């Protein structure tokens, strides 16, 4: 979407994990086909292969594996053993864990595709070398909550966009955002804030108050930084309320539902304007 529409949206953990299995080949293609940017969480195996999986272990996502393999850290397993695991679902079986080089090859084959790499556990130098080999730095965003990691990667790969994500309780998010803003956002291009549910919610679903979201958006925009929201859950009225604040970048676990609601939101807002 352009103009007053969505600037950028991200499929959290690849395809989100609800509509399609997370961190799977089919999940990544799903996000791209919907016009989004899938997220690849990077971990390294015992023999040094970089792959996309959110957790440091296989137990939650892999199907039909033995208990020992499920509880063993990926960093202690060889790539061949990890690759044999099926992390799909009954509807989408036989889904392997994609390697980072496979995903980067997809970018090299189509300049319209982009990926967000969420840093988990891998040598930064090795990741940088892999990006350089495929020549896709301009199609990538590195996401991390660690500003030291972000600063180091900026030195290694100055063309890769950097996103700092901020999670936790509202006070923690606000404190970290304000500290980051005081440092001109570290020279990084994007900041993501987590919108966690508030169990006492009434008219606004999330723990971070809407006035704070609006304030953060204005502060980021004043410095040319893109503010992204990650609402862990949302219904129609929840997403519309965040959009009404002016937020135009999102990370979501429900890509198709998000796209449909955004289409509805902007269609309604367009026709609310006087016709000329």
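Please treat every number below as a calculation from the coordinates, not as lab data. Here the structure is a predicted model, which is why all the values come from computation and not from measurement. When we count neighbours, we look across all protein chains shown, and the Cβ atoms used for this are built from the backbone with ideal geometry, even at glycine.
Brief remarks on what is shown
- Three-way shape call for the range 108-148 based on the alpha-carbon gyration tensor, with the a/c threshold at 1.5: oblate
- Taking the longest Cα principal axis of the chain as reference, the axis of helix 147-156 is set at about 70 degrees.
- Rounded to the nearest 10 degrees, the inclination of helix 170-182 to the longest alpha-carbon principal axis of the chain is 90 degrees.
- For the chain, the longest principal axis of the Cα atoms and the long axis of helix 124-134 meet at an angle of about 90 degrees.
- Whole-Å distance, taken between Cα centres, linking the range 228-276 and the range 97-152: 28
- Packing-based exposure ordering (other Cβ within 10 Å, fewest first) of 138, 113: 138, 113
- Rg in Å to one decimal, and Dmax rounded to a whole Å, for the range 122-231 via C-alpha atoms: 15.5, 51
- Calculated from the structure at hand, mean projected area of the Cα convex hull in nm² is found among (i) 15.3; (ii) 16.1; (iii) 34.7 as (ii).
- Placing R0 at 25 angstrom, the Cβ-Cβ distance between residue 211 and residue 152 gives a FRET efficiency of 0.10 after rounding to 0.05.
- At full extension, residue 159 and residue 189 could sit 9.7 nm farther apart than now, given 0.36 nm per residue minus the alpha carbon distance.
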